[in-house]
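The values are calculated or read from the model by the stated rules, or taken from the named source; none is laboratory data. Every value quoted in this text rests on a predicted model; they were computed, and no experiment measured them. We place every Cβ from the backbone using ideal geometry, glycine too, and count neighbours over all the protein chains shown.
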Amino acid sequence: MMRCPFCNNSAHTRTSRYISGQTKEAYYQCQNIRCSCTFKTIESIAKVLRKPAS
Ligand SMILES: [Zn+2]
């Protein structure tokens, strides 16, 4: 979930896809009917806090 950058309402994911192993692109649509804007986000791993034990 992501907030709309225009009206601050919650926006829902329409589609998402991985553009690399650690980066995901998602398309959002604002749930506010009077706004209903769409936007795209890039989500990626910022930091690994604990690596696998192996
Ligand atoms: Zn909005």
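In region 1-25, the residues that are over 14 Å from Ile42 (Cβ atoms) form Cβ pairs under 6 Å with partners that are exposed (fewer than 12 other Cβ atoms within 10 Å of the Cβ) and at pLDDT below 95, at six or more places apart or across chains, as follows: Ser10/Met1.
In region 31-54, the residues that are modelled with pLDDT of 95 or more reach residues that are part of a strand (DSSP E or B) and of a type in the set (Lys, Arg) with C-beta atoms within less than 7 angstrom, at least six apart or across chains, in these pairs: Glu43/Lys24.
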